[in-house]
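Take a look at the structure set out below.
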Amino acid sequence: MSLLATLPVVIPMVAGILALLAVSRPRLQQAIGIAGAAALLAVSLVLMVAVSDGSVLVAAMGDWIPPIGIALVVDPLSAAMIAIAAATGLAAAVYALADPRAARTRAWPGLPPLLMFLLCGVCGAFVTGDLFNLYVWFEVMLISSFALLAQGGGKERLAGALRYVGLNLVSTVMMLASVGMLYGLTGTLNLADLHNAAIAADRPGALAAVAMLLLIAFGIKAAVFPLFFWLPAAYPTLPIPVAAVFAGLLTKVGVYAMLRVFPLVLGPEALGDTHILLQESLIWIAALTMLTGVLGAAAQSDMRRILSWHIISQIGYMIMGLALWTTLGVVGAVFYLLHHIIVKANLFLVAGVAERMTGSGELAKTGGLYKQAPWLGVLFLIPALSLAGVPPLSGFWAKYLLVRAGLEIGEYVLVAVALVVGLLTLYSMTKIWLEAFWKPAPETVSVRPLSRRESLAMLGPITVFALMTVVIGLAAEPVFIYAERAGLLLVEPAPYVETVLGAPR
Amino acid sequence: MEAWLALAAGGLTAGAVYLLLARSLVHFVFGIVLLSNAANLVLFAAGRTTWGLPALIPDGMSEPDGPIANALPQALILTAIVIGFGLLCFVLVLVDRVRRRWETADIDQIHEKALSGKDLEP
């Protein structure tokens, strides 16, 4: 059983190395990329089935029994996150086939190896059960994303990369310092063991300081208010398949780390009275992140920029679920996380198609897409309306859960903010719809149809993601039950802790 | 000893913040260096520091004789130094590329150039 838990890290790593070796043959490289992502997806589905009853898989590395060695732990949340990461990676790898230049230019080392190493880092962060190991996986993820960001090296992209690199380096250093302080206080790094040790340490004040450091470290990664400035500077400059992966996955790894570490290690039992400080900060961060993100988006006139700002506002919703600190709230956050990655990646992919057809992402220079390609309009509307939370799409259920969780404990202001932001999201999506799809094309712009190759490679992933959005919306119950099990394990981690510490020896 | 380490970490962090907020990209790189070393010192202090006592268990005993430094944080620091070094190399190359493409290493001037070009920045 334990071998299965290592595969989410091993598969992308091996695929990445193979793709590096095939660097002189771009087509083979692309095939390896697609095969690697598909294999990862298959493994993650097996993992999801294995843990869907709320059980936990543990793999002790090198047979060092936890809490001594590093344990890889797969619970429902991490299994689902791996599945969605793999799906996003697969979509990006297929989508990249549409760019004939990618196969010809010799940009070293090409997209597939970096994509695989990025997935390796992301999946490693999802499966690790050790705080220092989490830091290491963050670094693997970061260095791959740095390389993806700087590749090609246009002027604007370099300036964006500088901001991204700078803030993310500060974030990892802060995480490292907080790991050191936590080790000094508790004498362990295993997350399950930390749960007990943090309570036993009985140092709420010192732990609160660690919690705040971690909040800033993860907050920079998740791009929450006021630490989000690197995101709108960097993301819009990326090539579309990379932008989709970044938009869907990277900030969500920060949210995942918060969901994993805060309830498990720095919960009310460990922090005592100071816990209210952490919770209050999270509530303010959630509200302000939602608002600034959506207002920033309203001021933009470029598709990529609008979508980038919306990433920020959507992060606010997930933080809101954690900030409520109730079971329903965390379940809502998990549901939101799962639905959001699909929707956001898909919106970037659709924006890429729109750009390809009209030659620009600037809304004023686009138009007439609905006349030329009505199906693309439908494929845009599904994720766009889901993002805004229109029933019966997936986003509606995610928002419904969070709003209900907020009302249950009387956080009316936060709920009101969430609802207003949903409305403003609809405004931004309507703006894209009216400008790019509905209005006639400007005279200077000629809308060109997609070639056969482009249609297959670009519209395939978009259609699958759109279908997933509809299916999650119409059959929300199984997804909710799964999210409930995942969320329960986060809020009441006793089974998680017991399984990890009692791993077979 | 811990007090000196705390002071050193604090001093390094203060210097790092000053350098990170400077306009020059070269200062920024040095800021990153100082900051990561401050974090390493924090890790180092977390494992207790003792003078001249190896982290070994004497013959015939099952635990160390008296307090000795924990070796694990020191191993963590080694890992962090290696990772930090790799990232630093990347940052140096990135800063060099930015300087060449924008023909300046001043972050404000890059911002101004970006604004005066086309509408690059929100």
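For residue B:23, the conditions (1) more than 8 Å from chain A (Cβ to nearest Cβ); (2) touching a residue at least 60 places away in the same chain (Cβ under 8 Å); (3) of a type outside the set (A, V, I, L, M); (4) open to solvent by less than 50 Å² (accessible area, probe 1.4 Å) all hold with the exception of (4). Against the test of being within 11 Å of chain A (Cβ to nearest Cβ), assigned to a helix (DSSP H, G or I) and over 15 Å from residue A:166 (Cα atoms), the options B:82, B:95, B:91, B:33 yield a single qualifying residue, B:82. With respect to the conditions (1) in a helix (DSSP H, G or I); (2) at pLDDT 90 or above; (3) buried (at least 24 other Cβ atoms within 10 Å of the Cβ); (4) not basic (Lys, Arg), residue A:196 falls short on a single one, namely (3).
Only one entry of A:54, A:33, A:69, A:62 meets the criterion of being surrounded by 17 or more Cβ atoms within 10 Å (Cβ to Cβ) and not aliphatic (A, V, I, L, M), and that entry is A:33.
Run down A:480, A:465, A:437 and say which single residue is among the aromatic types (Phe, Trp, Tyr) and either within 20 Å of residue A:241 (Cα to Cα) or not in a helix (DSSP H, G or I) (or both). Break it down into steps so the answer makes sense when it comes.
Values: A:480 fails: either within 20 Å of residue A:241 (Cα to Cα) or not in a helix (DSSP H, G or I) (or both); A:437 fails: either within 20 Å of residue A:241 (Cα to Cα) or not in a helix (DSSP H, G or I) (or both).
After applying the criteria, what remains is A:465.
Against the condition at the interface with another protein chain (Cβ under 9 Å from one of its Cβ atoms) and open to solvent by less than 20 Å² (accessible area, probe 1.4 Å), how does residue A:179 come out, does it pass? Yes, satisfied.
Those residues that are more than 7 Å from chain B (Cβ to nearest Cβ), of a type in the set (A, V, I, L, M, F, W, C) and open to solvent by 10 Å² or more (accessible area, probe 1.4 Å), I need them from segment A:145-169; list them, please. Write out each step before concluding.
Kept after step one, since they are more than 7 Å from chain B (Cβ to nearest Cβ), are these residues of segment A:145-169: A:145, A:147-149, A:151-152, A:154, A:157, A:160, A:163-164, A:167-168.
Remaining after also requiring of a type in the set (A, V, I, L, M, F, W, C): A:147-149, A:167.
Those that are more than 7 Å from chain B (Cβ to nearest Cβ), of a type in the set (A, V, I, L, M, F, W, C) and open to solvent by 10 Å² or more (accessible area, probe 1.4 Å): A:147, A:167.
Restricting to segment B:1-30, name every residue that is closer than 30 Å to residue B:65 by Cα, aliphatic (A, V, I, L, M) and part of a helix (DSSP H, G or I). Matches in segment B:1-30: B:3, B:5, B:6, B:7, B:8, B:9.
Check every one of the helices (runs of 4 or more DSSP H) wholly within segment A:366-426 and list those with 2 or more residues that are open to solvent by less than 20 Å² (accessible area, probe 1.4 Å) and under 20 Å from residue A:345 (Cα atoms).
Values: elements: A:369-372, A:374-388, A:394-408.
By residue number, A:374-388, A:394-408.
Kindly evaluate residue A:245 against the criterion of being farther than 14 Å from residue A:171 by Cβ, over 15 Å from the mean Cα position of the chain (by Cα) and aliphatic (A, V, I, L, M).
Numbers: farther than 14 Å from residue A:171 by Cβ: yes; over 15 Å from the mean Cα position of the chain (by Cα): no; aliphatic (A, V, I, L, M): yes.
Answer is no for this residue.
The values are calculated or read from the model by the stated rules, or taken from the named source; none is laboratory data. It should be emphasised that the depicted structure is a prediction, and the values quoted were computed from it without experimental measurement. In this analysis, Cβ positions are derived from the backbone assuming ideal geometry, glycine residues included, and neighbour counts consider all displayed protein chains. Heads up: the accessible areas ignore ligands, DNA and RNA and are worked out on the full protein's heavy atoms, side chains in. Shrake-Rupley method; radii C 1.70, N 1.55, O 1.52, S 1.80 Å.
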